[in-house]
Structure formats: structure tokens, C-alpha cells
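Worksheet: one structure, shown below.
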Amino acid sequence: MAESSAATKSSFESFREWVSEHKLRTVGCLWLSGISGSIAYNWSQPAMKTSVKIIHARLHAQALTLAALAGAAVVEYYDHKSGKNQDRYAKFLPIDTYSNKDSK
């Protein structure tokens, strides 16, 4: 039982790390699946016009995208707060070059 729990935790942890590294790809995939699912659902409603079905699908996908962006922001905040991925920013922003103090 403990071995399966450790395997599940490691696969969940690896999934979380992948999502943390590919936030925009995750949001894009959620948007695509959201709009596809919403179009499929709305197409089963015979009483609506086609334009209304497309508008509803876009609104549902937009709401899902906003939720996914909020989730990505929470993951980024958690990673920053816990100290993970600090090296990622250091290589792009040299701190010594952009000092606010005059070095006269």
C-alpha cells in the first residue's frame, strides 16, 4: 500500500512540475478542450441558433481560461513563495547591471 502511494505521489508531483514549467501550454489546452466540449454540448441543443451556440461556447471557454490563468498565477505564487525556480529568473535578469544606486 505504501509503495502504490509513493508511486501515485511521484506521478502527481511530476505532473505538477510539468504544469509549473508549461503554464501557457496548459492554459491553451484547457481553452481548446473547453471550447470543444462546449460546442459539442451546445450542438445537442436543437432549440438554439448556430450563432447563439458559438457565442455560448466562446463564453464558456473564456470563463475556463480565466480560471486556468488564475490557477497558473496561484502556482507561480506558490513556487515563488516556496523558493522553487529561483534560478530561472536569475539568468535572465542580471541584478548588478540594473542597480538603482549611483556607483560614483
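The values are calculated or read from the model by the stated rules, or taken from the named source; none is laboratory data. Given the structure is predicted, the values throughout are model-derived calculations rather than measurements. Heads up, the Cβs are rebuilt from the backbone with ideal geometry, glycines too, and the neighbour counts pull from every protein chain shown. All accessible areas refer to the heavy atoms of the entire protein, side chains included, with ligands and DNA or RNA removed. Shrake-Rupley method; radii C 1.70, N 1.55, O 1.52, S 1.80 Å.
Pick out, from segment 1-92, the helices (runs of 4 or more DSSP H) lying fully within it that include 1 or more residues that are at pLDDT 80 or above. Give the derivation first.
Working: elements: 2-21, 23-43, 50-82, 86-90.
Passing ranges, in order: 2-21, 23-43, 50-82.
Restricting to segment 26-39, name every residue that is over 22 Å from Ala73 (Cα atoms) and either of a type in the set (A, V, I, L, M) or surrounded by 15 or more Cβ atoms within 10 Å (Cβ to Cβ) (or both).
Ser38, Ile39
Any chance segment 18-25 includes a residue that's within 18 Å of the chain's Cα centre (by Cα), of a type in the set (Phe, Trp, Tyr) and crowded, with 16+ Cβ neighbours inside 10 Å?
No - not one qualifying residue is present in segment 18-25.
Kindly list, by first and then second residue, each pair from a residue in segment 53-70 that is under 23 Å from Arg16 (Cβ atoms) to a residue that is open to solvent by 70 Å² or more (accessible area, probe 1.4 Å) and not charged (D, E, K, R), limited to pairs with Cβ atoms under 8 Å and residues at least 6 apart or on different chains.
Leu64/Trp31; Thr65/Trp31; Ala68/Trp31
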